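Down below is the structure, laid out as structure tokens.
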Amino acid sequence: MLCLGGVYAWSIVVPELMKNYGFSASKSQSIMGILIGILPLTMIFAGKVEKRIGTKAIGFISAGLFVFGYLISGFSKGNFYLIFLGNGIMAGISTGFGYLAALTSPVKCFPEKKGLMTGIAVSGFGLAATALSFLVENLLRSGRDILEIIRIIGLSYGSVIFISSLFLINSKTMESEKELRFFQFVKSPELYRLILGFFFGTFAGLLVVGSLKPIGAEQGIDNRAIIVAVSVFAIANFSGRIAWGFLSDFTGASLAIFSALALQGASIFLLGKLPLSSILFVILSLVIGFSFGGNFVLFAKRTADVFGVENLGAIYPYVSFGYALGGIFGPFTGGFLYDKFNNFFYATTVASLISFLGGLIFLLDLIKRKTC
């Protein structure tokens, strides 16, 4: 997860692609968007493959695809389509295989603590941007080109994913829970509520993630403070996943989802509307990262609550379609609105409203269930 989650440091790469290879903001963000869009599609396929070849094997597949994709980008000479293929499509498939492998095993082993186990499992994905942002910045300062850095990341991170896969354990099927067939869960309104909520939550968060560095630059924030903010975002994303998971075991997932998305919406609104100092920029990045991290544990927790732990691996990839749509349209919308208006005022306004709407869906559902 620590290696696969480097996508959250993409805003560090974007300015280099724009400056050195003439990429537009929307083109740069579309690479991150397609990665996240492909992720749940891959998870559906990976879930079926895992039953045949085991968790370790899909971890090895993830490692191989990761290296292959990053090397394609690294040797692309700045060709957009090759970088789109390597860092977007191939890396997205790699992430789908690796994410499923790391998510489902611990939850099945500790079903009584679904929220906490999910939070711990996905927390590394959120922390990844911290290490990668510092690595990329240090390599850039040493005079290395961004494509050379991409090659270095591909070989080193891919090796770590491969070695980590050696320690994955195949979880046994739980006899107390029955697996649902496709037609049984696809008719459930809860499935579509989860998909829609996941879309709203990740659309807003990913719009900001992909543009955090440019937003800071627009406000005249010092570059060092921006790097700190990106890292703080990642650390808060990491800790938020564990904290929201722990909290949801007591409050329930629906109330926690409302709280996380409302907090995310409020902090994004302030990010786009207030005159920012370096300290305030870092603080808002922390709050956004903390609340954004909740998306990745709370929707998985709610899925396990509604459909059963044993069905998490089969159903959560469908729930992640919301994440896919958020990944495609969130970063692209942020880049498009910036290209059109040459500022992030409208982008952050849209993101905050979308986040509030996602939280409202689960608040209304919670009120309805309490009164029935």
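The values are calculated or read from the model by the stated rules, or taken from the named source; none is laboratory data. Because the structure is a prediction, the values reported are computed rather than measured. Methodologically, a virtual Cβ is constructed for each residue, glycine included, from the backbone with ideal geometry; neighbour enumeration extends over all protein chains shown.
Tell me which residues, restricted to segment 279-305, are of a type outside the set (V, I, T), over 15 Å from L116 (Cβ atoms) and in contact (Cβ under 8 Å) with a residue 12 or more places away in the chain.
F281, L284, S285, L286, G289, F290, S291, F292, N295, F299
Within segment 28-45, how many residues turn out to be surrounded by fewer than 23 Cβ atoms within 10 Å (Cβ to Cβ) and in contact with a Phe, Trp or Tyr (Cβ under 6 Å, 6 or more places away or on another chain)?
1
Out of all the residues in segment 175-191, is one or more of a type in the set (V, I, T), surrounded by fewer than 16 Cβ atoms within 10 Å (Cβ to Cβ), more than 24 Å from G54 (Cα to Cα) and modelled with pLDDT of 75 or more?
Checked against the condition, which is being of a type in the set (V, I, T), surrounded by fewer than 16 Cβ atoms within 10 Å (Cβ to Cβ), more than 24 Å from G54 (Cα to Cα) and modelled with pLDDT of 75 or more, segment 175-191 yields at least one hit.
So I161 clears everything in (1) crowded, with 22+ Cβ neighbours inside 10 Å; (2) under 16 Å from the mean Cα position of the chain (by Cα) except one condition, right? Which one?
In the conditions (1) crowded, with 22+ Cβ neighbours inside 10 Å; (2) under 16 Å from the mean Cα position of the chain (by Cα), I161 misses (2) alone.
Tell me, please, whether a residue that is part of a helix (DSSP H, G or I), surrounded by 24 or more Cβ atoms within 10 Å (Cβ to Cβ) and without any contact (Cβ under 8 Å) to a residue 60 or more places away in the chain can be found in segment 205-226.
For segment 205-226, residues part of a helix (DSSP H, G or I), surrounded by 24 or more Cβ atoms within 10 Å (Cβ to Cβ) and without any contact (Cβ under 8 Å) to a residue 60 or more places away in the chain: present.
Test of understanding: among F345, F336, F341, which residue is surrounded by fewer than 20 Cβ atoms within 10 Å (Cβ to Cβ), more than 16 Å from the chain's Cα centre (by Cα), closer than 21 Å to L35 by Cβ and of a type outside the set (V, I, T)?
F336
Can you spot a residue in segment 161-171 that is under 26 Å from V13 (Cα atoms), of a type in the set (A, V, I, L, M), at pLDDT 85 or above and out of contact with any strand residue (DSSP E or B) (no Cβ under 7 Å at 6 or more places or on another chain)?
Yes: segment 161-171 contains one or more residues that are under 26 Å from V13 (Cα atoms), of a type in the set (A, V, I, L, M), at pLDDT 85 or above and out of contact with any strand residue (DSSP E or B) (no Cβ under 7 Å at 6 or more places or on another chain).
Go over the candidates L132, L85, L65, L41 one by one and state the one that is closer than 24 Å to T303 by Cα, modelled with pLDDT of 80 or more, in a helix (DSSP H, G or I) and hydrophobic (A, V, I, L, M, F, W, C).
From the options L132, L85, L65, L41, the qualifying one is L41.
Could you grab me the full set of residues in segment 1-27 that are closer than 18 Å to M90 by Cβ and surrounded by fewer than 22 Cβ atoms within 10 Å (Cβ to Cβ)?
K27
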